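In what follows, a structure is listed as structure tokens, so that the remarks can point back to it.
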Amino acid sequence: MKKQILIILGCFLILTGCNSKDIKDFTLTTNSSEYKLDNIYEENIENPSNSSFESENCALGNKNIVYLYDHYQIETYEKDNKMYIYSIYFLDENIKTNEGIKIYDSYDSMIEAYGEDYQKYDNCYTYTRNNTQLIFILQNNNIISIEYRLTDV
Amino acid sequence: MKKRINLIIIFTLFVLIFLFLTKIVCPKYATEYIEGNMISEYYKEQKKNDVIFIGDCEVYANYSPLVMYEQDGITSYIRGTSQQLIWQSYYILRETFNYEIPKVVVLNVNSMRYSQPISEAYNRMTIDKMKWSKEKVNIIKSSMTDEESFLSYIFPILRYHSRITELTKEDFKYLFKGSNNTFNGFLINKEIVPLSTLPTKKTLNNYKFDDIDYEYLEKIYQLCKDNNVQLLLVKAPSLYPYWYEEYNDQIVEFAKSKDINYINLIDNIEEIGIDYSTDTYDGGLHLNLYGATKLSEFFSKYLKENYDLTDYRNNKYVDLIYQKKLSEYKKEIGD
């Protein structure tokens, strides 16, 4: 009986463990804020953006706003009159991903932090979790670009 | 016999009702999303243009054919649509050549950065109001997104039937007549939204234009060559989205290989006299009326100096048409 219960429990754990919904999206945590892709962008009063750039899609009128911070920029799109985050782009080496990777780190440190389950296109390495992506561009074995991005907007 | 007549009457009635319903539910693009009507305004025009502009919003927002006529007597028309893709430019140009053969085609190369259809909304605004032709069939086939069907372009009622409960006055007012929102394809915008800041330029993994873009650029070049038309490539002076150096180099290379002209107007912003604190309606993406006027004056001079164009101000018939347009234009811009 014990053996049967263990088998059932084991199966349950395997099945729930394989559920893609349990894979956590990529998020970025800075000193003052936690940013989640496809969530509503809210300006942090303690750490407001330096400036923003607003543009509209040609003819259709949907708004896009890019919020500029010292070390990163956040791109948002409009849905139901609210701005949702679809990209976070690192501007320099003074900001790290939640797993500790920053611009100018090496390929090896990227692999150490995120493993080898990436899609590669030229020098671009894309890690995907659900509908979020973390994209690294490398040059001479060093990371020159880091971007969190939604798979589709 | 009577039965047959009845059948014919019923069938005719059915067709008429079907056509009416189709017409009423289709968007009119008269007061909202007016860019969707631009493609059809051309059909009503007197087609005697020496210059045809082709491309996306960077043509219809930035060049004023009437300024060019007034300054140098150049006749031109802008066949621009929102987010016009390079293969759409090709088929629209083919269609244009069915009506007239200009001396110069000005192609805005911004679309080279896109290699796949962007959205149904843009497709519809470019294609819906095109007249049926071989070119329209091809533009549909080459532009459809996965969610779209060819049948819905033939029978738009399949796409727009749900609008039957959302009809507005515009749908009745413009049921049989289209609206005119442009001046030779130029869409006037008098708003001023100064440039304040621009996002940081992102590093891209790949700057190379896609094969499909080159395929259609080559087709456009060949089409012009076959019709003895000079092709001029331009990049409008829009500051965003960024026109990367790597993009520019590829167009320079293409133009050189074909021995045609390419002018990147971003390099001429100072010479043109564009002031992004007053000459743009959206912070540097598009020029407003004041910026477009400056650019058109500059560009008209460039065309006159580099191409053998007729000064139609000496042609009474053409000048009469243009004087009428100019008077309406000046009224519109409040000059």
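The values are calculated or read from the model by the stated rules, or taken from the named source; none is laboratory data. None of the values given here were measured: they were computed from a predicted structure. We place every Cβ from the backbone using ideal geometry, glycine too, and count neighbours over all the protein chains shown. The accessibility values were calculated without ligands, DNA or RNA, using every heavy atom of the protein model including side chains. Shrake-Rupley method; radii C 1.70, N 1.55, O 1.52, S 1.80 Å.
Structure summary
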quantity: Members of region B:131-165 found to be of a type in the set (Gly, Ala, Ser) and under 22 Å from residue B:94 (Cβ atoms), listed by number; calculated: B:133, B:142, B:143
quantity: Residue check, residue A:60 over 30 Å from residue B:57 (Cα atoms) and modelled with pLDDT under 85; calculated: no
quantity: Any hit, region A:79-91, residues being farther than 30 Å from residue B:61 by Cα, open to solvent by 30 Å² or more (accessible area, probe 1.4 Å) and under 18 Å from the mean Cα position of the chain (by Cα); calculated: yes
quantity: Residues (crowded, with 16+ Cβ neighbours inside 10 Å and farther than 22 Å from residue B:284 by Cα) located in region B:224-261; calculated: B:224, B:229, B:230, B:231, B:232, B:250, B:251, B:254, B:255, B:258, B:260, B:261
quantity: Qualifying residue in region B:288-299 (condition: within 21 Å of the chain's Cα centre (by Cα) and outside any helix (DSSP H, G or I)); calculated: yes
quantity: Pair list, Cβ under 7 Å, 6 or more apart: region B:265-286 residue within 23 Å of residue A:63 (Cβ to Cβ) and more than 14 Å from chain A (Cβ to nearest Cβ), other residue among the hydrophobic types (A, V, I, L, M, F, W, C) and open to solvent by less than 50 Å² (accessible area, probe 1.4 Å); calculated: B:279/B:287
quantity: Conditions (1) at pLDDT below 90; (2) within 14 Å of chain A (Cβ to nearest Cβ): number failed by residue B:24; calculated: (2)
quantity: Residue that is least open to solvent (accessible area, probe 1.4 Å), among those in region B:276-335 that are basic (Lys, Arg) and within 17 Å of residue B:49 (Cβ to Cβ); calculated: B:325
quantity: Cβ pairs under 7 Å, 6+ apart, first in region A:100-126 and touching a residue at least 24 places away in the same chain (Cβ under 8 Å), second small (Gly, Ala, Ser) and surrounded by 11 or more Cβ atoms within 10 Å (Cβ to Cβ); calculated: A:101/A:109; A:101/A:113
quantity: Which listed residue, of B:177, B:173, B:190, is without any contact (Cβ under 8 Å) to a residue 12 or more places away in the chain and away from every other protein chain (no Cβ under 13 Å); calculated: B:177
quantity: Residue ranges of strands (runs of 3 or more DSSP E) in region A:80-153 with at least 1 members more than 14 Å from chain B (Cβ to nearest Cβ) and farther than 24 Å from residue A:53 by Cα; calculated: A:124-129
quantity: Those residues of region B:315-330 which are touching a residue at least 24 places away in the same chain (Cβ under 8 Å) and either among the basic types (Lys, Arg) or not in a helix (DSSP H, G or I) (or both), in sequence order; calculated: B:325
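Table: residues versus (1) under 30 Å from residue B:19 (Cα atoms); (2) surrounded by fewer than 15 Cβ atoms within 10 Å (Cβ to Cβ).
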| site | (1), (2) |
| --- | --- |
| B:150 | yes, yes |
| B:166 | yes, yes |
| B:173 | yes, yes |
| B:179 | yes, no |
| B:191 | no, yes |
| B:194 | no, yes |
| B:200 | no, no |
| B:208 | no, yes |
